[in-house]
1. Once you sort the root eigenvalues of the Cα gyration tensor of the range 1-132 as a ≥ b ≥ c, which label holds: rounded (a/c under 1.5), prolate (a/b larger than b/c) or oblate (the other case)?
2. Have a look at Ala136, Ala42, Ala16 and tell me which one the Gaussian network model of the chain (Cα, springs below 10 Å) gives the largest fluctuation.
3. When the chain is fully extended, how far beyond the present Cα-Cα distance does Arg107 get from Gln64, taking 0.36 nm per residue of separation?
4. Quick check: from the Cα gyration tensor, does the range 77-199 come out rounded (a/c under 1.5), prolate or oblate?
5. Name the longest site-free stretch of the chain, where the excluded sites are GluC sites (Glu not before Pro) in a DSSP loop with no more than 10 other beta-carbon atoms within 10 Å.
6. Just to be sure I understand: of the beta bridges DSSP finds with both ends in the chain, what percent are antiparallel, rounded to 5?
7. Report the calculated FRET efficiency for Gln50 and Glu73 (r = Cβ-Cβ distance, R0 = 22 Å), to the nearest 0.05.
8. Under 17 Å from a point placed 7 Å out from the Cα of Leu159 along the Cα-to-Cβ direction: which residues of the range 1-28 have their backbone N that close?
Amino acid sequence: MNCVVFASGRGSNFEALCKAKRAIVRAWDLKLLVSNVPTAGAIKVAGDFQVPVVVVPHTSMTRQAHEEKILAELVGSGVDLKTVWLVLAGYMRVFTKEFLAHFYDNRLKQYRVVNIHPSLLPAFPGVDGYKQALDAGVTKTGCTVHLVIPEIDAGPVILQKEFAILKTDRLEDVERKGLALEHVAYAEALDELARNEYT
Ligand code: GRF
C-alpha cells in the first residue's frame, strides 16, 4: 500500500509514521511527502528519513490551480493515482470533490484518503480539537483516524483512541496525551487498511 503523506506543520504524526515504518516490516510504504508550507517542520522530518518531498505553496493560486499542481507533481513523482493512499497528517487545506474523485476506490466505495483528527469525532470537528474539548469541560477526549469525504472532519471512522481529561489538566497536558495516542493510532490504522479487509 503506497502512501503519500500531506502535512502543513510540525510533522510529529509524519515522524511517528516514519519511525513505525522503520521499527518493523509494514504492509504500507511512505513514498512522498507533500507540503503546502515551505517552512513546515514535516519537511525536515522527510529529510531525516529520506522520504522525497514536494512543496506546493498555495499562496496566490486558486484552489483548483493548487490541486492541479499537486496532481501534476504526484504524477511527475511516479505516483500511481489509481492505487495510492493520501495520508493527511496536519494538512490544513480542504480538498475539493473534484480532487478527491481522482482517488475514488470502486471496491471500497470511498476515497483512498485518510485523516487524523484530534477529537473523538463527531465531537469537536474543526480546528483546535483538544482545546475545544478542554473548554467544553468533557472528562474524556481522544483522536480519530477516518476516511475523508468532501465534508470536513466527517467520513467513516477507522479507529479512535480515548483518554481522560483530569480536572488539573491544562491545554499542554491534553495535547501531550492526545498526540502520544495519535502517534500510535495512525500506524495502526494504516496497518488495518493495508490488510485490505475493509468493506
Ligand atoms: C494533529 O493534532 C492532528 O490530529 C491534526 O493536526 C495536528 C498535526 O500535528 N490534524 P503534527 O503536525 O502531526 O505534529
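All of the numbers you see were taken from the coordinates with simple rules; none came from a lab. Just so we're clear, the structure is a prediction, and the values are computed from it rather than from any experiment. Cβ: placed from backbone, ideal geometry, glycine included. Neighbour counts: every protein chain shown.
1. Rounded.
2. Residue with maximal mean-square fluctuation among Ala136, Ala42, Ala16: Ala136.
3. Length difference between fully extended and current span is 12.8 nm.
4. Verdict is prolate for the range 77-199.
5. 1-150
6. Beta bridges within the chain, antiparallel portion: roughly 45 percent.
7. 0.75
8. Correct set: 1, 13-28.
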